[in-house]
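Asker: I'd like to ask you about the structure that follows.
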Amino acid sequence: MSSLRILSSVARRAPSVLGRRGYAEAVNDKLRLSFVLPHKALFTAQEVVQVNIPAESGDMGILANHVPSIEALRPGVVEVIEQTGSQKIFVSGGFATVHPNNKLTINVIEAAPLEDFSAEAVRANLAEASKIASGNGTEEEKTEARIEADVYEALQHALAK
Amino acid sequence: MSWRNIFTYNKFAQITARAVRQSLKEEHRVAAEKRGLTAVRYQQWESGQGGAHVLLSEELAAKSSK
């Protein structure tokens, strides 16, 4: 009996295998995004169409009904696509969690829209960080400079597009 | 080889956050720099008596210069 129901529901549409859908839930098919920083909430349970995130394992696009997952974010651009338009926000790194009920939570420490960055400052910072990274400080200082240089390179790449 | 051998994730996250703050345009950068400041002060208590207040950053600086 149940196998017949599963068969017909599979034939009807491409399902999210993990979710068990009732008949009255067809309305709530939007992804709800909560994008928060320690000092500010950029989005709070906002309904969006798609979110592109720079995960450590590669760039991903999250749509509604995504399988629950936790992704560590590298410094990069989070693009939030709503019905009215899209926004690009550079984040310093953090975590993105897709919850089972169509909810996406992004927690990062620092983030700002691309317009808030100064290409000149990024270039100067990158030059300085590269100098320290290839200089002769302690291993710790050089690694720290290497991390910063990676962030500046990602910023330059994002601003250049 | 990577930073994981040297830093904790917390330290890594603070470094990247600092890098992002330093790259903002002037008007945003000033407000953001204040967010990067963290300070911890602790007090050792023994049998109901509080000890001296110790500022963590000062303690670490004194230790590293010894």
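Asker: Along each of the three principal axes of the Cα atoms of the range A:117-160, give the extent in whole Å, ordering the values from largest to smallest.
Answerer: Principal extents (Cα only, largest first): 32, 14, 12 Å.
Asker: Can you compute the radius of gyration and Dmax for the range A:22-114, using only the Cα atoms, both in Å?
Answerer: Answer for the range A:22-114, Rg first and Dmax second: 12.7, 42 Å.
Asker: OK, next. Suppose a student asked you for the relative contact order of the range A:117-160, using Cα pairs under 8 Å spaced at least 6 residues apart; what percent would you report?
Answerer: Reported as a whole number, the value is 44 percent.
Asker: Can you pull the percent of Cα pairs in the range B:3-65 with separation above 13 Å?
Answerer: So the portion of pairs separated by more than 13 Å is 75 percent.
Asker: Within 10 Å of each Cβ of A:86-99, how many other protein chain Cβ atoms are there on average?
Answerer: 2
Asker: Using alpha-carbon pairs under 8 Å, 6+ residues apart, how would you state the relative contact order of the range A:22-114 in percent?
Answerer: 28 percent
Asker: In terms of the ratio Rg/(2.2 N^0.38 Å) built on C-alpha atoms, what value belongs to the protein assembly as shown?
Answerer: Rounded to two decimals, the normalised Rg is 1.31.
Asker: Can you list the lysines whose alpha carbon is less than 29 Å from that of B:Lys34, not counting same-chain residues fewer than 8 positions off?
Answerer: Cross-link targets: A:Lys40, A:Lys88, A:Lys131, A:Lys142, B:Lys11, B:Lys25, B:Lys63.
No value in this document is a laboratory result; all are computed from the given coordinates. In this text the structure is predicted, and so the values were computed from the model without any measurement. Cβ atoms come from the backbone with ideal geometry, glycine included; neighbour counts cover every protein chain shown.
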